[in-house]
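Read the structure below first, then the notes.
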Amino acid sequence: MEDSRLKNSSEVLTPIVEMENLSVKWEAKPVLDNINLQMKAGEKIAIVGPSGCGKSTSLRLLAGLLLPTSGNLKLFGNSQDYLRLDQLNPPDVRFVFQNPALLSSLTIEENVGFLLRKEKNMSKELIQDIVTSCLEEVGLYNVKNKFPGQLSGGMQKRVSFARALINAPSKSSSSMPLLLFDEPTAGLDPIACTRIEDLILKTTDIAQGCSIVVSHVMSTIERAAERVLMLYGGCIQWDGTIQDFKESTNPYIKQFRNGNLEGPMQPKLI
């Protein structure tokens, strides 16, 4: 069956993400330097590289939490000239932070349904039904009246995935959201990693979106991505398929895969 999101050929041809000569500087230091990138509809991308190379900065740009110092950023064909909070109709970008980023003073239901509560035409009962459904999709039951502090860290992380499943009521049902995952499996044991990786795949599938995952974890990269970008020195040093990433002899990729100290990427002193 044809995917309803891909029926409009003009939508298919419009990149989800376009970066043109994009740079971000902190004071005089470039974090991202003259980046050019396009992401097509339906793509699943992993951004890899050593700590401090600009991976999380890239996600903050796409989430509308930061503006480029120079260059152009387009999402869904529209230039991003204002921060997300200053836009009347922001793009459908959903950010799953490394930490759950839940508001401790709100219940789980209020956290997950935060955007829905702004809709005047939605009843309280409808919001509750939507939130309950999203929580159940990530394996959480009977927690909507609890507060974040009453849940384990793993459960809080699953709540953040449930929040990413909430569709903005103002968006078309045929729209394709962009999901951003920042180090979702950092510091987790292998079994917990597998559970979160399953959630990344399930959340992206249910939301019918495309995704960008920032990660150092090889299993997460290999399971969640079809395309890999290597960032270092503020630039994209390599761009290829996940299969190419596994086999590439590129010195940046080899050093990253093997965790070698010797190579073009020089480790920071810690």
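Taking the highest mean first, how do the peptides 15-27, 90-102 order by number of other beta carbon atoms within 10 angstrom per residue?
Most protected by this proxy first, the peptides run 90-102, 15-27.
In whole Å, what is the distance between the alpha-carbon centres of the stretch 204-270 and the stretch 10-69?
For the stretch 204-270 versus the stretch 10-69, the Cα centre distance is 15 Å.
Defining a contact as two alpha carbons under 8 Å apart and six or more residues distant in sequence, what relative contact order in percent does the chain show?
This gives 23 percent for the chain.
Ignoring ligands, DNA and RNA, what percent of the accessible area of the stretch 10-78 is carbon or sulfur (1.4 Å)?
Looking at the stretch 10-78 in its full context, I get 48 percent from C and S.
Taking the simple approach of a point 7 Å from Cα along Cα-to-Cβ for both Ser123 and Arg195, what is their distance in nm?
3.6
Just from its helices, what would the mean residue ellipticity at 222 nm be for the chain, if runs of 4 or more DSSP H residues each count -39500 (n - 2.57) and the sum is divided by every residue, rounded to the nearest 500 deg cm²/dmol?
It lands at -9000 deg cm²/dmol.
How much FRET efficiency would the formula 1/(1 + (r/R0)^6) give for Glu226 and Leu13, where r is the Cβ-Cβ distance and R0 is 22 Å, rounded to 0.05?
The formula returns an efficiency of 0.70 here.
Over 30 Å between Cα atoms: which of Lys29/Lys157; Lys29/Lys254; Lys55/Lys144 fall into that group?
Lys29/Lys157; Lys55/Lys144
Using a 1.4 Å probe over the heavy atoms of the protein chains, calculate the carbon and sulfur portion of the accessible area of the stretch 114-270 as a whole percent.
Whole-percent figure for carbon plus sulfur exposure: 51.
Sorted by average packing, counted as other Cβ atoms within 10 angstrom per residue and highest first, what order do 248-261, 62-75 take?
62-75, 248-261
Contour minus end-to-end for Met218 and Ser79, with contour as 0.36 nm per residue of separation and end-to-end as the Cα-Cα distance?
Extra length from Met218 to Ser79 when fully extended: 46.7 nm.
Please turn the phi angles of the stretch 134-140 into ³J(HN,Hα) values with the Karplus equation 6.51 cos²θ - 1.76 cosθ + 1.60 (θ = phi - 60°), one per residue in order, whole Hz, x for glycine and proline.
For the stretch 134-140, the Karplus-derived couplings read 5, 5, 5, 5, 9, x, 10 Hz, x marking Gly and Pro.
Rounded to the nearest 0.05, what FRET efficiency do Glu27 and Asn99 give with R0 = 25 Å and r taken as the Cβ-Cβ distance? Could you check?
Efficiency, rounded to the nearest 0.05: 0.45.
In Å², what does the accessible area per residue of the stretch 77-223 work out to with a 1.4 Å probe?
52
The values are calculated or read from the model by the stated rules, or taken from the named source; none is laboratory data. A quick note: this is a predicted structure, and the numbers were derived from the prediction, not measured. Ideal geometry is used to build each Cβ from the backbone, glycine not excepted, and the neighbour counts take in all protein chains shown. Only protein heavy atoms, including side chains, enter the accessible area calculation; ligands, DNA and RNA are left aside. Shrake-Rupley method; radii C 1.70, N 1.55, O 1.52, S 1.80 Å.
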